[in-house]
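Heads up: the structure comes next, in structure tokens.
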Amino acid sequence: MDAQERQKLFDQAKEWVLQAGRHIRDVIDEPLEIDTKSNPNDLVTHMDRNTEQFFIEKIKQHYPTHNIISEEGYGDQLDTLKNSTVWIIDPIDGTMNFVHQKRNFAISVGIFEDSVGEIGIIYDVMEDVLYTAIRGEGAYKDNQELPPLDPNLSLDESICIINSFWACENPKINGKKIQELIKKVRGTRSYGSAALEFAYVAEGIADSYITMRLAPWDIAAGIVLINEVGGNITRADGTKLDLLVNNTILVANQAIHEQIQNDYIELK
Ligand code: IPD
Ligand code: CA
Ligand code: CA
């Protein structure tokens with residue numbers, strides 16, 4: 001894909017994201033059909049499904065050769081990201097927030113070509129804030145370019161996004177080390193939408209995000225954004241991500257990524 005094709009694809013994807021977001025805002029006060037998936041707290045609504053179907057129909061109609069990986073099951077079954085253009089879509093990221101708060105959720109669309117992240121779009125629907133990135137062309141919050149992340153940031157002056165799940169016993173990780181990290185950093189936050197949490201690290205209003213299990217659609221767009229501001233994203237053990245499976249995630253300002261990974265994350 002050359003720069004012009006990438007820009008055209010971006011413009012189209014952005015238009016669909018804004019359109020889907022407008023529709024969600026229009027119907028936000030209407031009753032929701034709520035179901036559960038893997039457990040009673042894993043929620044899905046008819047709006048998650050409708051929004052995903054909206055994207056699938058548009059993509060299949062306009063880009064019949066492109067593939068789609070998406071959360072609610074209307075996409076394709078892929079065993080590789082190689083040799084094709086793949087849209088990786090979370091129609092509503094932060095469904096629990098969507099159901100309980102009617103805010104703090106996002107539409108997340110990442111477009112990869114031959115395994116490389118080319119386009120990332122994360123839309124905070126209720127705030128009407130759009131985070132975007134095109135590979136090699138920077139990351140933006142609405143029309144404002146995001147600056148590169150602070151190369152001199154120190155861990156004790158950083159904000160770490162981590163959820164309270166870490167207060168529970170976890171057989172897979174040394175909890176004592178995580179407690180040390182929580183004491184070391186200036187503060188912790190938890191927002192309930194992985195896509196927005198990636199966007200906040202890209203924006204530099206938070207500096208790291210640690211979580212044990214995210215799906216490809218939670219992270220695809222965020223990866224492109226983080227790359228454009230010079231952040232680092234790996235599995236929690238520092239190894240490379242695999243976008244076809246769930247991953248542990250450590251996304252951080254480059255200045256503190258290695259320190260968090262080496263000194264505070266001990267997987268068992
Ligand atoms: C969830 C959110 C949440 C994260 C979960 C994800 P969903 O996505 O991003 O913040 O902690 O792991 O599954 O289900 O609301 O799209
Ligand atoms: Ca999600
Ligand atoms: Ca979702």
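Quick check: is even one residue across segment 147-170 without any contact (Cβ under 8 Å) to a residue 24 or more places away in the chain and more than 29 Å from residue 103 (Cα to Cα)? So far as segment 147-170 goes, yes, one or more of its residues are without any contact (Cβ under 8 Å) to a residue 24 or more places away in the chain and more than 29 Å from residue 103 (Cα to Cα). Residues in segment 221-242 that are open to solvent by 20 Å² or more (accessible area, probe 1.4 Å) and more than 26 Å from residue 263 (Cβ to Cβ): 228 alone.
May I ask you to list the residues in segment 240-266 that are touching a Leu at 6+ places or on another chain (Cβ under 9 Å), over 22 Å from residue 203 (Cβ atoms) and assigned to a loop (DSSP other than H, G, I, E, B)? Scanning segment 240-266 gives 243, 244, 246, 265. Among the residues making up segment 191-226, a single one is farther than 14 Å from residue 131 by Cβ, more than 8 Å from the chain's Cα centre (by Cα) and in a helix (DSSP H, G or I): 216. Of all residues in segment 9-20, none are in the same structural domain as residue 123 (by TED's automatic domain parsing), more than 21 Å from residue 122 (Cα to Cα) and open to solvent by 50 Å² or more (accessible area, probe 1.4 Å).
Screening the candidates 52, 72 for the property of being part of a loop (DSSP other than H, G, I, E, B), under 19 Å from residue 122 (Cα atoms) and open to solvent by less than 60 Å² (accessible area, probe 1.4 Å) yields one hit, 72. Applying the criterion of being within 23 Å of the chain's Cα centre (by Cα) and within 18 Å of residue 261 (Cα to Cα) to the residues of segment 154-171, the residue that is modelled with the lowest pLDDT is 166. The strands (runs of 3 or more DSSP E) located wholly in segment 81-190 that include 1 or more residues which are on the phi < 0 side of the Ramachandran plot, outside the structural domain of residue 71 (by TED's automatic domain parsing) and not basic (Lys, Arg) occupy 159-161, 187-189.
Within segment 72-106, the set of residues being within 11 Å of ligand 1 (Cβ to nearest atom) and of a type in the set (D, E, K, R) comprises 72, 90, 93. The residue list 82, 102 contains one member that is more than 13 Å from the chain's Cα centre (by Cα), under 22 Å from residue 44 (Cβ atoms) and of a type in the set (Lys, Arg), which is 102. Taking each residue of segment 19-31 that is under 10 Å from residue 51 (Cβ atoms) and in contact (Cβ under 8 Å) with a residue 60 or more places away in the chain and looking for partners that are assigned to a helix (DSSP H, G or I) and not β-branched (Val, Ile, Thr) with beta-carbon atoms closer than 6 Å, six or more apart or interchain, yields 20/54. Scanning segment 178-220 for residues that are within 11 Å of ligand 2 (Cβ to nearest atom), among the aliphatic types (A, V, I, L, M) and crowded, with 24+ Cβ neighbours inside 10 Å gives 194, 195, 196, 219, 220.
Give segment 161-177 a look and list any residue that's away from ligand 2 (no atom under 16 Å from the Cβ) and open to solvent by less than 80 Å² (accessible area, probe 1.4 Å), or say none. Listed by number, the residues that qualify are 162, 166, 168, 170, 173, 174, 175, 177.
Quick check on segment 102-116. Is at least one of its residues surrounded by fewer than 21 Cβ atoms within 10 Å (Cβ to Cβ) and touching a Gly at 6+ places or on another chain (Cβ under 7 Å)?
Yes.
The values are calculated or read from the model by the stated rules, or taken from the named source; none is laboratory data. Model, not experiment: these values are computed from the prediction. Positions of Cβ are generated from backbone atoms using ideal geometry, with glycine treated the same way; all protein chains shown enter the neighbour counts. Surface areas here come from the heavy atoms of the whole protein model, side chains and all, with no ligands, DNA or RNA. Shrake-Rupley method; radii C 1.70, N 1.55, O 1.52, S 1.80 Å.
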